[in-house]
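Each remark here refers to the structure printed beneath this line.
Please treat every number below as a calculation from the coordinates, not as lab data. Just so it is clear, the structure is predicted and the values come from calculations on it, not from any experiment. In this analysis, Cβ positions are derived from the backbone assuming ideal geometry, glycine residues included, and neighbour counts consider all displayed protein chains.
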Amino acid sequence: MLGGEYRKESSDSRPSDIELLADSLEYPLTGVGRGSRTQGEFDVAEVFVEVAVPVLRDLPFAQAVDVSAAYRYSDYSTSGGTDTWNVNGRWEIDDTIALRGTVARAVRAPNIVNLFQGRQQTFGTFADPCSVENITEGENPGLRAENCRIDLLAAGVANPATFINNSSEAVGGFIEGNPLLQPESADTWTVGFVLTPQDIPGLSLSLDYYNIEIEDAIQAYTSQRIVNNCYDLPRPNQFCDLIERGTVGGNPGRITTFSQIPGNLASYETSGWDLNVAYRLDPANFGVERDIGTFNFALVGNALDSLSFIEVSGADPINSQGQIDAPDYTATFDVTWDWRAWSANYGFSWFSETNRQSRVSRVNNPDAYEPQYRQFPAREVHDFRIAYDVNDGVGVYAGVNNFTDEQPAPGSESYPVNALGRYFYVGATARLDSLGSLMPWR
């Protein structure tokens, strides 16, 4: 298949007049309001080709061998040309087992907000890495201390070794887009197999290994990460251009402003295993004559093999595996019973315990938490739902989520579960053309 495509995207976000006129009290000379207009557009022209080739059929140990490939070239008005491609293979040895694999290049172009977001005010609170209580917290304490010494002396601090900035006051900064952004790219490959045992009808199992590397990732950092990176990375680095320290007043050296501007800065690498098991149990297949419905079982699991993040070119990789939102193991399990107009579902979501601190932080500050609080507990959430179809277009349902009323870990409001706890719900669905059957007076 051969084809082409052209599209144009435009956006115009206009704050209210009040927002546009609300000049900042913290920065009265800038003329920057709390709101700003974000307006921009880009277009892209694309051509693509896709092919699918049946290589082998009905041979010993090769019931079917198929290869497919695709290529797409995109020309963006903002960033120029880029291309994506993939090659897929599937080898069905017999009715029971199949092997599969994919190699691909993908891209994500910056959106209008990434490119053209209007300059607007924001505020950030952060722990100053150069304050005496934080100077040893960096991934490289010696480098942090030297970089802080240089900047504090330049800001007029007489003795950087005794500098204290423990203020909790929010610091004003700015957010804006970056029209020079380029698309980010990802190189991926996967390999795995699928089992459909013929002597167990309704069962399928697949296991895949994946590896993903993202380069030139579009990243805008928090105020805390910006100031940390300025002092924890070798210089020169682009983060120091995003902050300013005051040189006058009663407390020179304090950070007075910062800028959050996205850039093609970061890279990621992750790999792991995906498991999918599905089984449809029909009691009639086991000699049950009475109609008691069917049962569907589904298990989805992941084992994270690696997850690393490089904040900017030249920085050391940050291993995030086992940290918050990156558990070593995750799984969901569902059982659904369908019988005539009724259905009921039980769902269980789980992931393994995670560390509160990064590996580097655990080394530099091992006593930050008491032993019993150094890890977040595993997530274990049970949900139930029941539904009834009144007719082809009208249904009612009810359920309870987080049945065992799991709560967030101490010191957290949303991890590993949110603070809502157990809650019940009821509802109904309807197609407009199905409501007539419920209104006999019509």
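Here are the numbers:
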| read-out | value |
| --- | --- |
| Low-density loop positions, GluC sites (Glu not before Pro), the stretch 162-221 - DSSP coil, at most 12 other Cβ in 10 Å | E169 |
| Dipole moment magnitude, nearest 20 debye, the stretch 210-254 about Cα centre, only Lys, Arg, Asp, Glu C-beta charged | 380 debye |
| All-pairs Cα distance distribution in the stretch 22-177, expressed in whole percent, bin size 5 Å | 2, 7, 10, 8, 8, 7, 9, 9, 9, 8, 7, 6, 5, 4, 2, 1, 0 |
| Cβ-placed point charges (K, R +1; D, E -1), dipole of the stretch 294-442 about Cα centre in debye, nearest 20 | 340 debye |
| Residues whose placed amide H lies under 5 Å from that of E353, excluding near-sequence neighbours | A378 |
| Order of S358, S185, S306 under a 10 Å beta carbon neighbour criterion, fewest first | S306, S358, S185 |
| Under the Karplus curve 6.51 cos²θ - 1.76 cosθ + 1.60, θ = phi - 60°, whole-Hz ³J(HN,Hα) for the stretch 346-355, x wherever Gly or Pro sits | 10, x, 10, 10, 8, 9, 6, 4, 10, 8 |
| Size of charge dipole - the chain - debye, nearest 20, with Cβ of Lys, Arg +1 and Asp, Glu -1, no other charges | 680 debye |
| Separation of alpha-carbon centers, the stretch 190-225 and the stretch 232-305, rounded to whole Å | 13 Å |
| Segment V191-E353, length gained on full extension (0.36 nm per residue, minus Cα span) | 55.5 nm |
| Value at 222 nm in deg cm²/dmol, rounded to 500, when DSSP H runs of n ≥ 4 in the chain each add -39,500 (n - 2.57) | -2500 deg cm²/dmol |
| Span per principal axis, largest first, for the Cα atoms of the stretch 175-310 (Å) | 88, 31, 27 |
| Most positive-pole-ward Cα, W337, S10, F163, against dipole of the chain from beta carbon charges | F163 |
| Likely footprinting exposure, F297, F309, F376, fewest C-beta neighbours within 10 Å first | F297, F309, F376 |
| Normalised per residue, the volume of the convex hull around the Cα set of the stretch 87-175 (Å³) | 254 Å³ |
| Value of relative contact order over the stretch 246-314, rounded to a whole percent, pairs C-alpha under 8 Å and six or more apart | 39 percent |
| Value of relative contact order over the chain, rounded to a whole percent, pairs C-alpha under 8 Å and six or more apart | 9 percent |
| Separation in nanometres of the label points that stand 7 Å from Cα toward Cβ, at S414 and N401 | 1.3 nm |
| Hypothetical label at Y279: residues of the stretch 331-372 whose amide nitrogen lies under 13 Å (7 Å Cα-Cβ projection) | 334-336 |
| Over the stretch 169-234, equivalent-ellipsoid semi-axes from the Cα gyration tensor in Å | 46, 16, 13 |
| Fewest-first sequence of C230, C240, C130 by Cβ atoms within 10 Å of each Cβ | C240, C230, C130 |
| Dipole of the stretch 306-442, positive end: most advanced residue of A326, V394, P371 [Cβ charges, Cα centre] | V394 |
| 20 °C / 1.002 mPa s Stokes-Einstein diffusion coefficient of the chain, Kirkwood radius on C-alpha pairs, µm²/s | 78 µm²/s |
| Centroid-to-centroid separation of the stretch 379-430 and the stretch 102-175 [C-alpha atoms, Å] | 40 Å |
| Rg/Rg_ref, the stretch 336-376, where Rg_ref = 2.2 N^0.38 Å and atoms are Cα | 2.27 |
| Size descriptor, Kirkwood hydrodynamic radius, that averages inverse alpha-carbon separations across the stretch 311-383, Å | 15.2 Å |
| Ellipsoid equivalent to the stretch 270-345 - semi-axes via the Cα gyration tensor, in Å | 44, 11, 7 |
| Hull-based mean projected area of the stretch 261-312, where the convex hull spans the alpha carbons, in square nanometres | 6.5 nm² |
